[in-house]
Each structure stands twice: as C-alpha cells, then as structure tokens.
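Worksheet: one structure, shown below.
The values are calculated or read from the model by the stated rules, or taken from the named source; none is laboratory data. Computed from a predicted model, the values in this text were never measured in an experiment. Cβ sites come from the backbone with ideal geometry, for glycine too, and all protein chains shown count toward neighbours. In case anyone asks, the SASA skips ligands and DNA or RNA and just uses the protein heavy atoms, side chains included. Shrake-Rupley method; radii C 1.70, N 1.55, O 1.52, S 1.80 Å.
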Amino acid sequence: MIKDSFLTVLLVLGAWVTQGQTKGSPDHVVITSQKGKSGISTNPNGDLQLNVSPRDVAKFKAAGRVRYRDFGARGDGKADDMDAIAATHAFANRHGLLVKADPEATYYIGGKERTAFIQTDTDFGTASFLIDDTQVQNRNTSVFTVSSELKPFKLETIPSLQKNQQKIEASLPGPCLITVTNANVKHYIRFGLNQNNGSSQTDIFVVDKTGKVDMNAPIIWDFDQITDISALPIDEKPLTITGGRFTTLANKAESNYTYYNRNIAIRRSNVLVEGLQHHIQGEEDHGAPYGGFINIGDCAYVTVKNTMLTGHKTYSTIGAAGKPVSMGTYDLSVNRALHVSFINCSQTNDINDRTYWGILGSNFSKNLLYDGCTLSRFDAHQGVANATIRNSTLGHMGINAIGSGVLLVENSTLRGRSLVNLRPDYGSSWQGEVVIRNCVFVPAGDKFISADLISGSYSGQHNFGYTCYMPQRITIENLRIDDSGHGETYRGTALFANFNPQMTDNTYQEKFPYVITKEVILRNITTTSGKALRISDNPFMFREVKVDTGQ
C-alpha cells in the first residue's frame, strides 16, 4: 500500500460525446510534492487525488510496472475498485510503466462516473472485472479509454479536397489522421423505420509528414467546401492490452435509444488487444442498447485478436417513423477508423440465435478485416471503403454493407438470408467490386424457401444524399450453396433479389436513378438442391447485366 509523504496526482476526468459514442479526453494530471496523509481521496470537484510516497515511486519505476493493489484495489468482487484502477493508470501514464492486474482478483466496478485512461501497455491477465450497469451515473462514461498523449490540431489552410487526391498541403509533425467535415452537405439520409435527415459529409484518412495520402485508404468524397478539418498525430509505438475476463451486469433501463457506453474505448492509433473476454449477465425482457464493449473510433491500425465477445439481447422500441423497430445493440463498434482487424475472434452465444443482435456495427471506416472469426454479423452502416472477410463463419445476420472499393469474401461460410446484403436504409449502394471465392452459403441457416446471393432494395424515389450504385463487377468463384432443406416451393437461389418490384418495364421512372451492375463473373457455382442459379425474380431490372459463366 502507498504511505508516508506523497506526490499528489490529480485526475481531472472528462468526456465528450458525438454520434452516440463516448470518447474520453486525456488525463489532466497535476503533480506536487509535499508532506501529508497518503492514499486516494476525492476533492470537492469529484476529482481523484492520489498520494504516492517517493519511496514507492522509486520502487515502481525500478520494477517497471504497477499493480492495482499497489493503489488500494481490493479485488474481492465486492468493494468498488474503480478509483484505484483509474489512479493506477494515471500513475503509470505519468511514468511510462506497465500496468498488471493480479491473477486471481475480481475487480468490481460500480456505476460511478469515472474513467481509467490507458496510455501504457496493460496486462489484465487472468483477472476478472465485474462491470455493474444496473445503477449508472452517466451511461456515456467509458470504463477504460485507450488514449494518446498527442493532441489534435486544426488545419486552417485547406479549403477543399478532391476524391482520390494524393497529397494535402500542410505542415505536419509526423504521420497524422485527418478528419474532414462539410456540414453543408448531408449524406446517408436514412430511409425506413429509423429514418433521419442524414449526417454531415465526412471523411477520414492518413497522411505522412509531407501530407502524402495513404492511397490504401483514399479520400472517397469531393469536398467543395470544408467546415472543419483536424489532424491527430499517430502514435508510432504500439500499445498492447492483453487478457482480462470482463462481465457486464446489464442495465435495466427502458428500451429506448439511450445507448450505454460502459466499455473499452480505443481512441489511440497502433493498438493491439489480445486474449480478452467479454460476457454479459442479467439481461431481462427490456433494457437499453449498448454501443460496443470494444469501441474503436478516431484512430488507425487497431487489431483485436484471439478475443471472445458476446452478442446482446435484441430489444424493440418505437422508431422515427412511429412504428416498432428492433434496436441495434453491439459488442463491437468501429466509427471513423482505418485499418481495423479482427483476427480469430468469436462469441459466447450461438451466432445463429436470432434473439441476439448482430455483434458488429460500423460507420465512416476504411479497410476492415475479419480473419478466422466466428461471429453473427459483419455490418457497415454509413459506409466502409474496402472490407475483407476471410477464413470465417458468419451467423444469422450475415454480411450487411454499403460503401466503396473492394468487398472481398473468401474461404468462409455464410449463414445469413443472403450472401451479401446491400443495406436498403442507406440506398443499397456499393461503388466498386464484390469478390467472393471458395465459400459456402447456407441461406438463412436453411430455414427459408427463397434465397439471394446479392440482396437489397431501391425504389429510386428517396434522396440518400449521393448517387447509389450496385457493384460494378461481381466475381463469384467456387461457391457451394447448401440449400437442401428449402422445401418443394423453393425455386432455387437468385443472383439478385427483386430490388424494385415496381420496376417491371420502361414506364417506371426513378427520381434518383440506380446505377446497375455491369458485369457478373460466375465460376463453379454448385447447389445441394440441384436447382440452377437464377438471375432474379425481376429479370427486367437486370436485363442489361452481362453474366459470364465461362461457357
């Protein structure tokens, strides 16, 4: 335990919220040296004050690490250890020390508005963390925020940007993550039960110190005007978080869109999370949704590896259109992030159990990867530029995406209602290519009488804020469709769903024309039922698509 004379470390805790997600601000730490009582206390403002003796400072620095018990954590699963956890990380951040949990400890984290900011390597090991969400002071306060000491700054000299622009003119200290907004243009004007007025035009990309854009994640929009543009320097040294068994005691709030963000928020680039587990207990017949236990945003080069997660129970509410709607609730969330990989990740509950919502939601991201994963869903809401799913099995919610670039699916088993669903609420738009190789498709887990490889819906009457595209080219090679149990009325799998049942001849007029697929390449497509692949139940809509079967 800490004792004797002390250094006072003042944690000024804060958070700011954007688009339903919580983002922790970096620690504000004030250190003084004076004699007095040691230990952790709370000042009148609610901030923590941590007293550390010079002897203990020297001891911790010599060891190169600190433990939660060093700062008063009980680890008995009963006493609230959040203040001690936050204090430990604040001290470690100041001195560049590893944080290590005690192997057999169970750290209880109550509903207090407190965040532990992680800026150094952290080994949760085999310790358990019990996060009690039944009585929470602020549902937007993350439990942990992985943050950077580097600060964002405004770029004042860039009036516009062009799609695929290769360089920006700016003076930069090193590689930076650039976030740009034009609040005068609205994209993703959502259609349907969760309709809305759209989001400000947004892009995010990486540049080197000379301003050269990483063309693996290019600028995807033309910005005729910029209302805000900022640069966040990228930490070049990797930060690693390992282990930990986390259990959330689920909230009992009303089933409204009041998202809970009691999570691990990653707001720093170049981070590896490995060997973590997240479990959920106490879900009942109602509750508020979650914004992702691992919540990745405003960063680049993040990998989540060998990690076990849990899908949340699906609750319903009344949507923006005044009708009942199921609420999205996530254990994984990616927002405004680049080069994010999930490797060998799985979930504790059945990926085909429809009582649980799909595990991932993402927005405004680029270069997302599933590799070796067994998860209920891959989903890109407000766009992804380039996505890869390989060596994976996806459950009942399958692949849902809109975006651009290349969507590559290979060596995987898909059990959704379609092979790829282009989200209708955002215009069923993919401006680029879809490539599917060496996969098995089990339509809706073999429970339905119709199946489509590429599904979506587009009436041409709604303005989504952008031109909507089907994939320009679709390549499907070595696909086995396991449709043996679909019954006598089953007509076989269709290449395209009936995107617009009203468009059956030239008399139908689209206010906002859809750009239809130009070319489909099919090689070695087999069905267990023996029924041949059909083009669509709406052959008129796809009459000009060139289908190359290699024959």
Q) Out of region 171-198, which residues are touching a strand residue (DSSP E or B) at 6+ places or on another chain (Cβ under 7 Å) and either open to solvent by 30 Å² or more (accessible area, probe 1.4 Å) or of a type in the set (Val, Ile, Thr) (or both)? A) Pro173, Pro175, Ile178, Thr179, Val180, Thr181, Ala183, Val185, Lys186, Leu193, Asn194, Asn197
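Here is a yes/no grid of residues against (1) more than 23 Å from Asn386 (Cα to Cα); (2) assigned to a loop (DSSP other than H, G, I, E, B):
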| site | (1), (2) |
| --- | --- |
| Val434 | no, no |
| Ser450 | yes, yes |
| Leu453 | no, no |
| Gly460 | yes, yes |
| Pro471 | no, yes |
| Thr475 | no, no |
| Leu479 | no, no |
| Tyr490 | yes, yes |
Q. Which is at pLDDT 95 or above and aromatic (Phe, Trp, Tyr), of Phe441, Phe448?
A. Phe441
Q: Answer yes if at least one residue in region 457-464 is at pLDDT 95 or above and touching a strand residue (DSSP E or B) at 6+ places or on another chain (Cβ under 6 Å), and no otherwise.
A: no
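Matching residues to (1) among the charged types (D, E, K, R); (2) in a loop (DSSP other than H, G, I, E, B); (3) open to solvent by less than 20 Å² (accessible area, probe 1.4 Å); (4) free of Cβ contacts under 8 Å to residues at least 24 places away in the same chain:
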{"residue": "Ser255", "(1), (2), (3), (4)": "no, yes, no, no"}
{"residue": "Ile280", "(1), (2), (3), (4)": "no, no, no, no"}
{"residue": "Glu283", "(1), (2), (3), (4)": "yes, yes, no, no"}
{"residue": "Phe293", "(1), (2), (3), (4)": "no, no, yes, no"}
Q.
Quick check on region 377-388. Is at least one of its residues open to solvent by less than 10 Å² (accessible area, probe 1.4 Å), among the β-branched types (Val, Ile, Thr) and farther than 17 Å from Ile343 by Cβ?
A. yes
Q. Condition test on Gly456, is it on the phi > 0 side of the Ramachandran plot, within 27 Å of the chain's Cα centre (by Cα) and open to solvent by less than 20 Å² (accessible area, probe 1.4 Å)?
A. yes
Q | Qualifying positions in region 492-506 - touching a residue at least 12 places away in the same chain (Cβ under 8 Å) and part of a loop (DSSP other than H, G, I, E, B) | A | Gly492, Thr493, Ala497, Asn498, Phe499, Asn500, Pro501, Gln502, Met503, Thr504, Asp505
Q: Go through region 455-478 and give me each residue that's of a type outside the set (Ser, Thr, Tyr) and without any contact (Cβ under 8 Å) to a residue 60 or more places away in the chain.
A: Gly456, Gly460, Gln461, Cys468, Met470, Gln472, Arg473, Ile474, Ile476, Glu477, Asn478
Q | Positions within region 535-551 being under 16 Å from Met470 (Cα atoms), touching a residue at least 12 places away in the same chain (Cβ under 8 Å) and either open to solvent by 80 Å² or more (accessible area, probe 1.4 Å) or of a type in the set (Lys, Arg) (or both), in sequence order | A | Glu544, Lys546
Q) Which one of Thr145, Thr157, Thr179, Thr126 is modelled with pLDDT under 95 and among the hydroxyl-bearing types (Ser, Thr, Tyr)? A) Thr157
(Q) Restricting to region 365-382, name every residue that is at positive phi and not in a strand (DSSP E or B). (A) Gly372
Q.
For region 394-401, check the following and say yes or no: at least one residue is farther than 19 Å from Asn335 by Cα and either outside any strand (DSSP E or B) or polar (S, T, N, Q) (or both).
A. no
**Q.** Every residue from region 156-170 that is open to solvent by 80 Å² or more (accessible area, probe 1.4 Å) and more than 26 Å from the chain's Cα centre (by Cα)
**A.** Glu156, Thr157, Pro159, Gln162, Gln166, Lys167, Glu169
(Q) Going through Tyr370, Tyr426 one at a time, which residue ends up being surrounded by 21 or more Cβ atoms within 10 Å (Cβ to Cβ) and under 21 Å from Phe191 (Cα atoms)? (A) Tyr426
Q | strands (runs of 3 or more DSSP E) contained entirely in region 74-141, each with at least 1 residues that are touching a residue at least 12 places away in the same chain (Cβ under 8 Å), more than 15 Å from Asn263 (Cα to Cα) and open to solvent by 20 Å² or more (accessible area, probe 1.4 Å) | A | 76-80, 98-100, 106-109, 122-132
Q: State which residue is nearest to Phe144 (Cα to Cα) when the search covers only region 208-239 and only residues that are β-branched (Val, Ile, Thr) and exposed (fewer than 15 other Cβ atoms within 10 Å of the Cβ).
A: Thr227
Q) Among the listed residues Ala385, Ala380, which satisfies the condition of being over 17 Å from Ile294 (Cβ atoms) and hydrophobic (A, V, I, L, M, F, W, C)? A) Ala385
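So that you can scan it fast, the table gives a plain yes or no per residue for (1) farther than 25 Å from Leu193 by Cβ; (2) not hydrophobic (A, V, I, L, M, F, W, C):
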{"site": "Cys373", "(1), (2)": "yes, no"}
{"site": "Ser376", "(1), (2)": "no, yes"}
{"site": "Gln382", "(1), (2)": "no, yes"}
{"site": "Asn400", "(1), (2)": "no, yes"}
{"site": "Ser404", "(1), (2)": "yes, yes"}
{"site": "Leu408", "(1), (2)": "yes, no"}
{"site": "Ser412", "(1), (2)": "yes, yes"}
{"site": "Leu419", "(1), (2)": "no, no"}
{"site": "Gly432", "(1), (2)": "yes, yes"}
**Q.** Subset of region 402-420 [open to solvent by 20 Å² or more (accessible area, probe 1.4 Å) and not in a strand (DSSP E or B)]
**A.** Asn411, Arg415, Arg417
